[in-house]
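The values are calculated or read from the model by the stated rules, or taken from the named source; none is laboratory data. Since we're looking at a predicted model, the values are computed, not measured. Cβ atoms come from the backbone with ideal geometry, glycine included; neighbour counts cover every protein chain shown. Remember, those area values only see protein heavy atoms, side chains included, never the ligands or the DNA or RNA. Shrake-Rupley method; radii C 1.70, N 1.55, O 1.52, S 1.80 Å.
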Amino acid sequence: MNNFTQTIAPLLLMLPICSFAAQHSEDYTTTVKVNGVELNQAVSATQIEKLVGKTSQKPIKTFSECTGNYEYSISTASGKNLTFDIFSEDNPQIKSETFYKSKNTFQQLGTTKGRVWLSWSNAPAITDTILINNKPITNLYSMNQFKKDFPNSAKTGTHVLMLTASEAKEFLKNPAEFETGYRSYVDFNFKNGKLSKLEISQGMAC
């Protein structure tokens, strides 16, 4: 029993250090641009066309019980999925939920602002101009390039945190204490060393 205590004590002392190292190893970005549109902030619905092109397809409108937000989603034949997530704090001019009853297209939403979550389920078909932390992400992007661009994240996984400038300062002060459960992120998926899927999303579990 005495030997067991002597063995386990150093391991217990190491746990907080390991936790800190894991947290600290994540890379982050404060800018994610797709076709010139900055997605690490609320975006006007008038910008959606730059992200999915001209389409006669109507988005699917849903009310998320999880977030309490209205979401408008659309998919393209090339495997691109876009969700426009409307937060009330970004739209103080909208006083009532009845505003959304007659809004069934992005054109009707006009200058309404929302967060854009985008995914490409078929990365080899990507034709968009994507810059993450000012690094170009193309349909030829590889795991080896990811390791060069985001060396810290590559040690623990394939995702990169999306943080505002002020959040980045807090993250750098104390990565171990920084809450990442509800943070936005860019997730890279690779198959045979090549990018197979790319997702700009909010890491939220309801």
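Things to note:
- Over 29 Å between alpha carbons, listed pairs Lys80/Lys101; Lys61/Lys197; Lys33/Lys197: none
- Alpha carbon centroid spacing (whole Å) that separates region 127-190 from region 41-83: 23
- Prolate/oblate/rounded call for region 91-145, Cα gyration tensor, a/c under 1.5 rounded: prolate
- Debye log10 I(q)/I(0) at q = 0.11, 0.19, 0.21 Å⁻¹ for region 18-161, Cα point scatterers: -0.50, -1.16, -1.29
- Rolling a 1.4 Å probe over the protein heavy atoms of region 112-152, with every protein chain left in place, gives an accessible area that is 48 percent carbon and sulfur.
- Summing Cβ point charges (Lys, Arg +1; Asp, Glu -1) relative to the Cα centre of region 109-168 gives a dipole of roughly 100 debye.
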